[in-house]
Amino acid sequence: MIELKNLTKVYGKGAKSATALSRVNLSVNKGEIFGVIGHSGAGKSTLIRCINLLERPTDGEVWVDGVELTALRQGPLQQRRRKIGMIYQHFNLLSSATVYDNIAFPLRLSGMPRKEIDAKVKELLTLVGLEEHRSKYPAQLSGGQKQRVGIARALASDPDVLLCDEATSALDPQTTDSILRLLLDINRKFHLTIVLITHEMHVIQSICDRVAVIHGGGIVEQGKVAEVFLKPKHEVTKEFIRTETQNEGPLQAALEAVDRKPGKAVKITFLGQKTYESTLSATVRATGVDFAILQGTISTIKDVPYGQLIVRFEGNEEAVAATLAKLAGQGLDVEVIG
């Protein structure tokens, strides 16, 4: 659906030039929610603005739905842009226009008849839950309501792609979750391809199918969210996950506890339905090994439950090794950490 090939963006020239993106390659499948996470200045905003060519790349190609946008002249490009909706961190609403008129604005620009505009706007107001606020102005709305207007406006032209530029970073946690649920609902109802950028791992974990981690203008890691979240490879990714789970301190304490007592510290990861099964207790009963849980968490990645335990196993080495082998043989990820 979306393919970025060797995408490079350089601002300025000569000694004053700055490289925002360097040879980025990404593919986004039709109908998926794809997240791009990175710190401020990593290049993520430039990346998403290059997809609809609000920023024109210095080099490389942008393909959307089989068409190379970077090869189009302005007229055909404008036509293609109408099928790419965009929502922004700070909403970008017309302050002097009502909710209704903000949503209707792109439809009027396209020359749609008044009756069709009215029907479309009413449909979108219902979709985003703002039927009772149609005559209000942006100043009368909460942040979450403003973003719902932005989402409705972005959907007015029936886009195939929705780009989200830090769409929840200006919102409180509860409102963020409601906006994420709305985006997930829209994705499922319309099979809409969504690309979102964020600096919050919670956003990625909540609704994304796949994720790319951007750092210094390049993609340092990408894959399915569960794989990247549970088995991070790059230090930047590990940092995002530590911030989300806040587990660095407890993990260090757990390892120090192992140092004070005999035993082997192991991180066990459960994914899907196995999270709720009694696999660990059944296994240690069979092998005769004692264990102590030093740290544990259960959460979800999108709709998939997962659990992680830091466990200290005590017993002879052969019995402990047999325990780890049996756990791994039942589809659990087992990693000795101390």
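The Rg/Rh ratio for the stretch 265-338 is 0.96, where Rg is the radius of gyration of the alpha carbons and Rh is the Kirkwood radius.
The relative contact order of the stretch 36-170 comes to 33 percent, based on Cα pairs under 8 Å that sit 6 or more residues apart.
Each eigenvalue of the Cα gyration tensor of the stretch 80-134, multiplied by 5 and square-rooted, gives one semi-axis; in descending order these are 16, 16, 12 Å. GNM on the chain, C-alpha springs below 10 Å: top fluctuator among D59, D160, D172? Of the options given, D172 has the highest mean-square fluctuation. Using the 1.4 Å probe convention, the accessible area of the stretch 101-237 works out to 44 Å² per residue with neighbouring protein chains retained.
Measuring between alpha carbons in the structure, the pairs from K5/K30; K233/K326; K9/K231 lying more than 21 angstrom apart are K233/K326; K9/K231. Evaluated on the stretch 98-211, the Kirkwood hydrodynamic radius is 14.6 Å, with distances taken between all distinct Cα atoms. The alpha carbon convex hull volume per residue for the stretch 16-165 rounds to 149 Å³.
Using Cα-only point scatterers and the Debye equation, what is log10 of I(q)/I(0) for the stretch 170-245 at each q in 0.19, 0.27, 0.28 Å⁻¹, rounded to two decimals? Reported log10 I(q)/I(0), two decimals: -0.85, -1.33, -1.37. Between N92 and K231, the FRET efficiency estimated from the beta carbon spacing at R0 = 51 angstrom works out to 0.85.
Would you mind getting me the FRET efficiency between V304 and V67? Use the beta-carbon distance for r and R0 = 41 Å, nearest 0.05. Before the final figure, lay out the partial values.
Details: r = 34 Å, r/R0 = 0.82.
Efficiency, rounded to the nearest 0.05: 0.75.
Note down the relative contact order for the chain as a percent, whole number, built from C-alpha pairs under 8 angstrom at least six residues apart.
Working: 601 pairs, mean separation 59.8, N = 338.
It rounds to 18 percent for the chain.
Antiparallel versus total DSSP beta bridges in the chain: what percent is that, nearest 5? Walk me through the numbers before you get to the answer.
Numbers: 43 of 62 bridges.
If we restrict to bridges inside the chain, about 70 percent are antiparallel.
Which entries in K16/K224; K83/K189; K44/K302; K115/K136 show an alpha-carbon gap greater than 28 Å? Distance filter (> 28 Å) returns K16/K224.
Put the Cα centre of the stretch 58-77 next to the Cα centre of the stretch 1-47 and the gap is 15 Å.
In this calculation the C-beta distance from E335 to K136 is compared with R0 = 56 Å, giving a FRET efficiency of 0.60. On full extension, the segment bounded by S17 and S278 gains 88.2 nm, given 0.36 nm per residue less the C-alpha separation.
Helical runs assigned H by DSSP (4 residues or longer) give the chain a calculated mean residue ellipticity at 222 nm of -12000 deg cm²/dmol, each run adding -39500 (n - 2.57) before division by the residue total. Percent of alpha carbon pairs in the chain separated by more than 31 Å? Every Cα pair in the chain considered, those over 31 Å come to 44 percent. Between the C-alpha center of the stretch 135-198 and that of the stretch 296-331 there is a gap of 38 Å.
Here the label points at K83 and N25, each 7 Å from Cα along the C-beta direction, are separated by 2.6 nm in the simple model.
The values are calculated or read from the model by the stated rules, or taken from the named source; none is laboratory data. Nothing here was measured: the structure is a model prediction, and the numbers come from that model. Please note: Cβ atoms are built from the backbone with ideal geometry, for glycine as well, and neighbour counts cover all protein chains shown. The area values use the complete protein model at the heavy-atom level, side chains included, leaving out ligands, DNA and RNA. Shrake-Rupley method; radii C 1.70, N 1.55, O 1.52, S 1.80 Å.
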